[in-house]
Each structure stands twice: as structure tokens, then as C-alpha cells.
Amino acid sequence: MKFGVVVFPGSNCDADAYFALQDDLGQKVEYIWHGDTDLGKVDAVILPGGFSYGDYLRTGALARFAPVMGAVAQFAARGGPVLGICNGFQILLEAGLLPGAMLRNACLQFRCEWVHVRVESTATAFSRRCHRGQVLRLPIAHGEGNYYAGPEARRELEENGRVVLRYCDPDGRESAAANPNGSLAHIAGISNARGNVVGMMPHPERCCSRLLGGTDGRSILLSAVGFS
């Protein structure tokens, strides 16, 4: 299995993703530059966190036009697994590969902390190794992670099982106190209809080693191995 980690100007979690995949999980991985128009021979694509293009205009708004995104869209259309983490999730929304938009955190503060999320769907390329109802402890680091979708889009997500992760307390209960950014319906991650494209605000690549405080991110990234 070979993962490709896309690098945009301003990305700051590309190395984290590379290290987690190669050193913690034993997978092959290579960087893909934002100006490339060919992904090469990769089996899965990661759009990492950071501040692509300085987050000018809106988060992900400029990265959406990077040459590499045409190749990512084609890869996704063929069923290839694509994971957008934090800023990568924001880029997927701006590119139209996932529905909805990101707003400023309801608290108007940058939140960098550990949170709990409940697995709502295991029918995706990045949740297959989890079980429904499982509570994962993952870190977040964002100022614009307040997910929003209109009534029709939200209904389609809910009715078709496309909400992948939802913020919760350690016991799996939803509450405003457990929602770090005010996200609609406590949504922390969603997928496309096919389940091969997933966006999530928490950082699984930052918790694949006990040295970093947890290993719950391993099941997210390893779920893509063997996906077809």
C-alpha cells in the first residue's frame, strides 16, 4: 500500500502524516507537490492539516485551485481513497468533493486539545477498522472547524449514513460541552456517497504512537489499507 501526502504552501502536518504512515504504521508513503498534475502510483491520498496558502480568503479556498486537485478529483471519481484532515477537510469542501462549509469556531478561539468522537459509520475507506459506536480520543487544532450544511444536505448526510464521526463525551454522549467548535449536529467527519472520500477535523496522524499520548488514530489510517 502506498500513500501520497499532498504538500501545499503552508501545510504543517504533512511531515506528521508522512511519519505516522511510514514509521508508526509501516506503510509506503511519498509526498505529492501541490503543483503536480499526476499523483503517480499511489493507492490512497492524504490532504494534511495546516494553513494552505496562508488560509487567505477562506480556509482551503486557494488550495482548491491548486493543479494537484484536478488529479485528486479524478482519483476520487475512480474510487480511490482520499482523506482530508483539518485543513484538508476544508479543502475537500471548497473543492466540492464533500458537501457543506466551515465557519469560525463558535467560541471565536483557536482550539488545540484532545476530544472524543463517536464512530457513526464504518462503511468508509477510513473507518472500516472501527466499530459503530466506538469512542475515539483524538487531538484537534483549528480555528475554523464549525461544520455547517443546509437542511437538504444535512438530511442527505444523516439519512444515508454519511456522518462518519460525531463529537461526544468519553462515554459517547453528545453535548454542547463536548463539541469544541459548535459544529452542526456535533459533526466531526463526513464522507461522500461512495465512502471513499472522507473529511475530518481531528488529527489521526498525531495519535498513532503511545509516545504522542494515544493510538486511536491508527484505526483511521489503517482502514484504507486494502480498500477497493
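When restricted to residues that are in contact with a helix residue (DSSP H, G or I) (Cβ under 8 Å, 6 or more places away or on another chain) and surrounded by fewer than 17 Cβ atoms within 10 Å (Cβ to Cβ), the stretch 37-60 contains 3.
Any idea how many residues of the stretch 178-225 are among the charged types (D, E, K, R) and either modelled with pLDDT under 95 or farther than 14 Å from CYS130 by Cβ (or both)?
Here is the first cut: in the stretch 178-225, the residues among the charged types (D, E, K, R) are 194, 205-206, 210, 216, 218.
Keeping just the survivors that are either modelled with pLDDT under 95 or farther than 14 Å from CYS130 by Cβ (or both) gives 194, 205-206, 210.
Result for the stretch 178-225: 4.
Given GLU174, GLU205, GLU152, which one is part of a helix (DSSP H, G or I) and either without any contact (Cβ under 8 Å) to a residue 60 or more places away in the chain or surrounded by fewer than 24 Cβ atoms within 10 Å (Cβ to Cβ) (or both)? Walk me through it before giving the result.
Numbers: GLU174 fails: part of a helix (DSSP H, G or I); GLU205 fails: either without any contact (Cβ under 8 Å) to a residue 60 or more places away in the chain or surrounded by fewer than 24 Cβ atoms within 10 Å (Cβ to Cβ) (or both).
Answer to the selection: GLU152.
Selection of the stretch 6-36 for residues being of a type in the set (A, V, I, L, M), surrounded by fewer than 19 Cβ atoms within 10 Å (Cβ to Cβ) and touching a helix residue (DSSP H, G or I) at 6+ places or on another chain (Cβ under 7 Å) yields an empty set. Only one of the numbered conditions (1) of a type outside the set (Asp, Glu); (2) at positive phi; (3) in contact with a Pro (Cβ under 9 Å, 6 or more places away or on another chain) is not met by ARG137, and that is (2). Selection of the stretch 185-202 for residues being surrounded by fewer than 24 Cβ atoms within 10 Å (Cβ to Cβ) and in contact (Cβ under 8 Å) with a residue 40 or more places away in the chain yields ASN192, ARG194, GLY195, ASN196.
Looking only at helices (runs of 4 or more DSSP H) that fall completely inside the stretch 1-109, which ones have 1 or more residues that are under 30 Å from GLU152 (Cβ atoms)?
It comes to 68-77, 87-94.
The values are calculated or read from the model by the stated rules, or taken from the named source; none is laboratory data. The shown structure was predicted, so the numbers you read here are calculated from the model rather than taken from an experiment. Every residue, glycine as well, gets a Cβ built from its backbone with ideal geometry; the counts of neighbours run over all protein chains shown.
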